[in-house]
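Derivation of every value follows stated rules applied to the coordinates shown; laboratory data play no part. The model shown is predicted, which means the values in this text are computed figures rather than measured ones. Cβ atoms come from the backbone with ideal geometry, glycine included; neighbour counts cover every protein chain shown.
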């Protein structure tokens, strides 16, 4: 069983450590100081929702959600931007616990939908999302462009 908390000031360092591991997973260089600054800024500015999971008092995983809107539906949506489970806790139900917690919190806040993306090669994540009722949408093609470095 996982204990899941909304981020608080005293949980920033644990969250930042997981966030740094998450970035390493995506082939970025480790940068714990910048990770701490980034997570601290999200907390202070309250521009994201961050949930952290613990098992036996050890940080196991986290998720970060950015609030947004659907103009067409004229409703609030959440962009589940980050989901990460530390290696020792993978395949233990942590990701499922985090995703279910996000869904519960979204329902409480009358969020219309939760949107997420994952790498094409991340078969385990895609299987999990399908299992939990997330549907692949092909209605739109998404584009991105880096405009600042």
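Among 61, 93, 133, the residue with the largest mean-square fluctuation in a Gaussian network model of the chain, with springs joining Cα atoms closer than 10 Å, is 133.
A Förster distance of 22 Å, applied to the separation of the beta-carbon atoms of residue 107 and residue 139, puts the FRET efficiency at 0.40. Structure remark: mean-square fluctuation, Gaussian network model of the chain, C-alpha springs under 10 Å; the largest value among 53, 117, 73 belongs to 73.
Building the convex hull from the alpha-carbon atoms of the chain and averaging its projection over directions returns 10.0 nm². Exposure proxy for 1, 28: other Cβ atoms within 10 Å of each Cβ, ordered fewest to most, give 1, 28.
Each Cα pair under 8 Å and six or more residues apart adds its separation to the average, and for the chain the resulting relative contact order is 19 percent. Taking other Cβ atoms within 10 Å as a rough exposure proxy, 14, 20 sort from fewest to most as 14, 20. Mind checking which of 58, 107, 27 has the largest fluctuation in a GNM of the chain, springs on alpha carbons under 10 Å? The residue that fluctuates most here is 27. What whole number of Å gives the distance from the Cα centroid of segment 17-66 to the Cα centroid of segment 115-149? Measuring centre to centre over Cα atoms gives 20 Å.
Cβ crowding within 10 Å ranks 11, 32, 99 as 32, 11, 99, fewest other Cβ atoms first.
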